[in-house]
Every structure is written in C-alpha cells, then in structure tokens.
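Input: a single structure, listed below in structure tokens.
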Amino acid sequence: MTGTDLRATQAQRTRAAIRAAALTLTRERGYAAMTVDDVAALAGVSRRTVFNHFASKADLLVVGLEPPAPEVVEAFVNGSGSLLEDLGTLLASGAESVESERGWLLSFPEIVRDNPEDERLRIVAQSLAEAAGRRLGAEPDDPRTRAVVALAMAIQRSSLDLWCGRSHPWEERREAAAHTEPAGASEGPSTVEVSGKCSQVPLVDAVRTMVEAISEGVSPPRPSRT
C-alpha cells in the first residue's frame, strides 16, 4: 500500500470514528442536544478535524453513501467488466456502511432539511472523478470523465430516493398541481402516500436496481420478429 493509500485509509477511519461518535451522542441526547465539540471529544479529535471531514453538524448524520475505500477504487480502475457494471460495484461498496443506521436516521427530518444535497455528495464526487479519470486515462475535466461522474451521482441520488422513500421531483410537481385542480379532477395515486412509504429495499440492492434499469434503458432488448 502506498503512502497515499495509507493516508486515505487513515482519513476514512477518522471520518468513521467521528460519525460513530455523532451517532452515539444523538442516540443518547437527541439531535438538538448533540454538539460538534462533544463529538470531537468522544472521537478523540479536534473540532477543526471534525470540520475537515464534515461540512456541518447535519452532515455528521447524513444518510448517504460513503466515499469508496482505496482498494475498491483500484478494483474499479482496473476492472474488466463494463464501465456501468464496475461503477455499480463501486457505488454499492459505500452502501453497506449506512444500512444498519437507516431506520433511526430517517426519523430525524432536520438532518436532510439542514444539509444541501450538493454538499453531502461533494466528497464522493471528487473521489469518483479521480477514479473515472484514471480508468479512462483522461483528465478530471474531460467530458468523458464528467459524464461518468454525472451518471454515478444520478445513480446514487435515485438509489437513495428508492431506499428512503423520498418522492421524485416529478412526483412533487404532480402533488403541487393536484392541489390546484378541482376536487376529483385527478384519478392518480396520492403522491403524499407514495412519498410517505418507506421502502424495505436495502441500499445496496437499490444501487444495483438502478444500474440494471439504466443498462436495460440504454440497451433494451429488441422485439422479436414474427
């Protein structure tokens, strides 16, 4: 393992320790009473170190995939499967660490409300850009690299929506439109009911489901000729 890999592994362990401390304190005291200073003390790091890894208090508990481990990145860079398949494996590797926390994390709506999605995905996007660039032999700003990262982020967002039961933007627009229609004008299902249901699909399976859906959508089977 190179010095860079060792530093990345240590950073990942520090991040995991900080997040574990935040989870412990939130269970004991509740989200509002949990402080960044107390998290730092329990994790054995400085307040500055906490903010080196997390953008905000809400970010400590955010539901989402973790940046892939160095060995998983190397497997993706040197993968022999299709880029989409190997990308799905890379994203799925960061899903298992949050699966056990799903139930109670989703009971804190302020975590999602107070933390912008773009910020929570930034670290993962940077890691994916580097990995995709290495696999493609391209620079981070190359259109091919950007396309792979954009696809990865779309898979992640859609997987999280499926996993935690969030409604999609078009469902939210349909719900808003329904409130402006006369009573009985819409016969479709209530989007409040749709968004309120919590899927029982594991996050890893949600990632794989989205990858398979993209694969089928890009290369759908040809209809048989009679």
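What to note about this one:
- Test: residue in segment 7-18 that is more than 24 Å from the chain's Cα centre (by Cα) and in a helix (DSSP H, G or I): no
- Residue ranges of helices (runs of 4 or more DSSP H) in segment 53-108 with at least 3 members open to solvent by less than 50 Å² (accessible area, probe 1.4 Å) and at pLDDT 75 or above: 70-77, 83-92
- Qualifying residues in segment 109-118 (those that are part of a helix (DSSP H, G or I) and out of contact with any Leu (no Cβ under 7 Å at 6 or more places or on another chain)) - the one modelled with the lowest pLDDT: V112
- Tally of residues being part of a helix (DSSP H, G or I) and either touching a residue at least 24 places away in the same chain (Cβ under 8 Å) or of a type in the set (D, E, K, R) (or both) across segment 133-149: 6
- Tally, over segment 120-153, of residues that are more than 20 Å from T89 (Cβ to Cβ) and open to solvent by 80 Å² or more (accessible area, probe 1.4 Å): 6
- Pair list, Cβ under 9 Å, 6 or more apart: segment 18-45 residue within 18 Å of V62 (Cβ to Cβ) and open to solvent by 20 Å² or more (accessible area, probe 1.4 Å), other residue modelled with pLDDT of 95 or more and not aliphatic (A, V, I, L, M): A43/T49
The values are calculated or read from the model by the stated rules, or taken from the named source; none is laboratory data. These numbers come from a predicted model, not from an experiment. All Cβ positions, glycine included, derive from the backbone under ideal geometry; neighbour counts span all protein chains shown. Each accessible area value is taken on the protein alone, full model and side chains, heavy atoms only, with ligands, DNA and RNA left out. Shrake-Rupley method; radii C 1.70, N 1.55, O 1.52, S 1.80 Å.
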